[in-house]
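Notes to accompany the following structure.
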Amino acid sequence: MRKLPLLTVLLLCSFFTFTINAQVINNLFQPKNSLSGDYRRVASKYQALEINSQNLRSLHDDQPASFQLELPFENGQLKLQLKKAHITSENFSVVEALPGGQRRVIDYSAGIFYQGKIEGKTNSFATISIFKDQVMGIIADEQSNIVLGTIENNGRATNEYAMYREKDLAVPNPFSCGTSEIQVEAGPVSNPCY
């Protein structure tokens, strides 16, 4: 019976430690009135955003262990409590399959990956990936998945972003998981989220 109170105290301490020590980042994105194009054919509702490139570089360079990211969304602020996650191995590489069966290793500038939740919503989930030139994320709450992504120009990230609920997509989601369906033995979780 003593284990339950001790576990509760430990969980509360870890939550309060995050709350006290987490840097608040509320200036990475600013809301915009509109985007350079009309994307209502893609998503019936979306939040137009503009990223602050200087703040993105600072966040990428600093790589905090945890932080709170505030995103303008649905007439308020979506507050994400995030912790760094290591999702690739130390020897991770990207290999391109070439015609004729050859393969070559591609230069890969590693991203910084974060997992967490929406502040005050225990049944939520957030994952944010930060690269030198862009941010992307998927957030889930009790209503739906929320997608954060850059508006691309000729395949390159721009300073314009859209944040929308997946249920507001006006077109079929083109995402298809490219992994094979194989059984994987479950092991210990190395990056538990809260």
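Which residue is modelled with the highest pLDDT, if the candidates are limited to segment 154-172 and must be open to solvent by 80 Å² or more (accessible area, probe 1.4 Å) and closer than 22 Å to ILE128 by Cβ?
Looking at residues that are open to solvent by 80 Å² or more (accessible area, probe 1.4 Å) and closer than 22 Å to ILE128 by Cβ, I get LYS167.
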Mind checking whether some residue in segment 70-78 is in contact (Cβ under 8 Å) with a residue 60 or more places away in the chain, within 20 Å of the chain's Cα centre (by Cα) and open to solvent by 70 Å² or more (accessible area, probe 1.4 Å)? no
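If you check PHE67, PHE18, which single one turns out to be under 20 Å from LEU82 (Cα atoms) and either at pLDDT 90 or above or under 17 Å from the mean Cα position of the chain (by Cα) (or both)? Don't jump to the end; show me each part of the working.
Numbers: PHE18 fails: either at pLDDT 90 or above or under 17 Å from the mean Cα position of the chain (by Cα) (or both).
None of the others qualify; the one that does is PHE67.
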Looking at segment 53-77 only, could you name the residues that are under 17 Å from GLN134 (Cα atoms) and among the hydroxyl-bearing types (Ser, Thr, Tyr)? SER53, SER58
Would you pick out the residues in segment 84-101 that are free of Cβ contacts under 8 Å to residues at least 12 places away in the same chain and outside any loop (DSSP other than H, G, I, E, B)? VAL95, GLU96, ALA97, PRO99, GLY100, GLY101
Per the list (1) under 23 Å from ASN173 (Cα atoms); (2) modelled with pLDDT under 95; (3) assigned to a strand (DSSP E or B), residue check on ARG104 breaks on (1)
Check segment 31-49 and report whether any residue there is in a strand (DSSP E or B), modelled with pLDDT of 95 or more and under 20 Å from LYS132 (Cα atoms). yes
Which of (1) more than 26 Å from LEU35 (Cβ to Cβ); (2) among the hydrophobic types (A, V, I, L, M, F, W, C); (3) touching a residue at least 60 places away in the same chain (Cβ under 8 Å) does ALA48 not meet, given it meets every other one? (1)
Conditions (1) out of contact with any Asp or Glu (no Cβ under 9 Å at 6 or more places or on another chain); (2) modelled with pLDDT of 95 or more; (3) farther than 30 Å from ALA170 by Cβ; number of the one not met by PHE92: (2)
Among the residues in segment 134-144, are any within 23 Å of ARG40 (Cα to Cα), assigned to a strand (DSSP E or B) and small (Gly, Ala, Ser)? yes
What is the one condition in (1) of a type in the set (Phe, Trp, Tyr); (2) open to solvent by less than 50 Å² (accessible area, probe 1.4 Å); (3) farther than 20 Å from ASN55 by Cβ that PHE131 does not satisfy? (3)
Quick one: in segment 106-126, which of the residues that are in contact with a strand residue (DSSP E or B) (Cβ under 6 Å, 6 or more places away or on another chain) and farther than 16 Å from ILE146 by Cα is most open to solvent (accessible area, probe 1.4 Å)? TYR108
Any hit, segment 56-65, residues being in contact with a strand residue (DSSP E or B) (Cβ under 9 Å, 6 or more places away or on another chain), among the small types (Gly, Ala, Ser) and surrounded by 14 or more Cβ atoms within 10 Å (Cβ to Cβ): no
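The values are calculated or read from the model by the stated rules, or taken from the named source; none is laboratory data. Predicted, not measured: the structure shown is a model, and the values here were computed from it. All Cβ positions, even for glycine, are placed from backbone atoms using ideal geometry, and neighbour counts span all protein chains on display. Surface areas here come from the heavy atoms of the whole protein model, side chains and all, with no ligands, DNA or RNA. Shrake-Rupley method; radii C 1.70, N 1.55, O 1.52, S 1.80 Å.
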